[in-house]
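The values are calculated or read from the model by the stated rules, or taken from the named source; none is laboratory data. All values derive from a computational prediction rather than experimental measurement. To get the accessible areas, we keep the full protein, side chains included, count just its heavy atoms, and leave off ligands, DNA and RNA. Shrake-Rupley method; radii C 1.70, N 1.55, O 1.52, S 1.80 Å.
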Amino acid sequence: SSPTAWVALTTNHGASDYHSFVAQYRRRVARGLEGIFSYTWSHSLDNDSSDSFLVWAGEGAEAARDRGSSDFDLRHSLTASLSYALPGLAKGWSVDGIFRARTGFPITVLQAEQYMGISFMNAFRPDLIPNVPVWLPDDAAPGDRRLNPQAFARGATGQQGNLGRNALSGFGMSQLDVAVRREFRVADRGVLELRLEAFNAFNRANFADPVKYQNSPFFGQSGSMLNLMLGTGSSGSGLAPLLESGGARSVEAVLRFRF
């Protein structure tokens, strides 16, 4: 086989834009009951979402063709919280609830995870078949749906398809976190706070984005819960899955002394 030389080049051709609308409503609903409602519409666009990713810069791979939603783009995000100071015999105790919901992150379908042994973030995308549904309902698949393999046609080797970068949207997320807390004053020295917390209190299943590589036998289906996608605990992600949203219900007790 003939030797192959690869050259990695860093340029200043990266470009990004961010547009957003934020609204918040805060009100004391009743005595001891307060609520906050926040909504954000946003759209982040760029031609590359990281300066550490490798992108294919060969024929037909101009930066303009890679412009699309950022990898971290979230179009709609909603947060609602309530705090209630319990009356009567339970006076001194408070109940907090936070509900969070958002749409999914963008997905870029690729023909394979590597090309010539190297992982490129933009190569190579397939062609999108017109008039064919991209998603198929499937009760046996995580999230009850999967990407339709028949909606994407693999092009010739080393050739970029017409499917745009981050043209599809993955699974959204929603969960309710609940906490019960009370503070005890310790003479004049400080405050002892007891807090019992339940994350994803209803144990709602939130799934990671589906496998995006066409050559994978699991293409189109989610392979894990959302918290494993957001943080694996590895040196690459740096975040522990237990602390990320989208996991199974978890309960913890916190005892904190403030002085």
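Here are the numbers for this structure:
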read-out	value
Accessible surface of the range 173-259 [probe 1.4 Å, protein heavy atoms]: carbon and sulfur percent	58 percent
Over the range 147-208, volume per residue of the alpha carbon convex hull, in Å³	156 Å³
Gyration tensor (Cα) of the range 1-99, equivalent ellipsoid semi-axes in angstrom	51, 16, 8
Projected area, mean over directions - the range 125-259, Cα convex hull, nm²	11.8 nm²
Measure of compaction for the range 33-154 (Cα Rg per 2.2 N^0.38 Å)	1.60
J(HN,Hα) series, the range 27-36, from Karplus relation 6.51 cos²θ - 1.76 cosθ + 1.60, nearest Hz, glycine and proline x	7, 8, 5, 8, 4, x, 10, 10, x, 9
Evaluated at q = 0.13, 0.16 Å⁻¹: base-10 log I(q)/I(0), Debye formula over Cα of the chain	-0.97, -1.29
Apportionment of accessible area to carbon and sulfur, the range 1-159, percent (1.4 Å)	56 percent
The range 193-259: radius of gyration over Cα atoms, expressed as a fraction of 2.2 N^0.38 Å	1.47
Accessible area of the range 1-105 divided out per residue, in Å², using a probe of 1.4 angstrom	71 Å²
